[in-house]
Amino acid sequence: VQLQASGGGLVQAGDPLRLSCAASGDTFRRLTVGWFRQAPGKAREFVAAIRWNSNTRYADSMKGRFTVSRDNAQNTVYLQMNSLKPEDTAVYYCAADPSIILSSLTRPDLYNYWGQGTLVTVSS
C-alpha cells in the first residue's frame with residue numbers, strides 16, 4: 001500500500017482546508033486510515049481515524065472542527081479542517097493498516113503504511 005497525502009498549504013486563522021490521502025492497491029476498503037500531525041519540536045500526535053466501516057475517532061482537541069471521511073471508489077480519505085488555529089500548524093501525515101483495533105487507533109506505532117506528509121501552516 002502506498003499513500004500520498006496532499007492539500008496542505010498556508011492559510012489564515014479561521015480558514016478551512018481539506019487534506020487528501022490517496023492510496024494505491026485494491027485493499028483500500030479494508031484499511032483503517034489515520035491522520036497524525038507533527039509540529040516542530042513536538043511528538044507526532046493523533047488527529048483522527050476512520051475505519052473500514054466508516055466509524056471515526058477524533059482527538060479531543062479536533063472534535064467539532066475536523067471531519068474525516070472516505071471515498072472507497074476513489075481510494076481516498078479526506079480530512080476536512082475548519083476554524084484552523086495557528087497551533088494547528090504542523091506536517092500532517094496519513095497512515096493506514098488493515099488490522100488496528102478500535103482501542104488502538106491513536107497509536108502511530110501500530111500503522112504499517114505511511115504517506116510522506118503535507119505541511120499545513122496557519123498564520124494568525
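When the P(r) of the stretch 71-124 is calculated, the portion above 13 Å amounts to 70% of the C-alpha pairs. Charged neighbours of Ser99, selected by a Cβ distance under 15 Å, balance to +2 (K, R count +1; D, E count -1). Each listed q (0.14, 0.15, 0.24, 0.28 Å⁻¹) maps to a log10 I(q)/I(0) for the stretch 7-77 from the Debye sum over equal C-alpha point scatterers, namely -0.49, -0.56, -1.21, -1.37. In this calculation the C-beta distance from Asn82 to Asp109 is compared with R0 = 22 Å, giving a FRET efficiency of 0.15. For the chain, the share of DSSP beta bridges that are antiparallel, to the nearest 5, is 90%. Geometric descriptor of the chain, per residue, is 91 Å³ (volume of the convex hull of the Cα atoms). Taking Ala43, Ala22, Ala96 as the candidate residues, the one with maximal mean-square fluctuation in a Gaussian network model of the chain, Cα springs under 10 Å, is Ala43. Computed from backbone phi with θ = phi - 60° and the Karplus coefficients 6.51, -1.76 and 1.60, the 3J(HN,Hα) list for the stretch 27-40 is 9, 4, 5, 9, 8, 8, 10, x, 10, 10, 9, 9, 8, x Hz; x is used for glycine and proline.
No value in this document is a laboratory result; all are computed from the given coordinates. Source: prediction; values computed, not measured. Methodologically, a virtual Cβ is constructed for each residue, glycine included, from the backbone with ideal geometry; neighbour enumeration extends over all protein chains shown.
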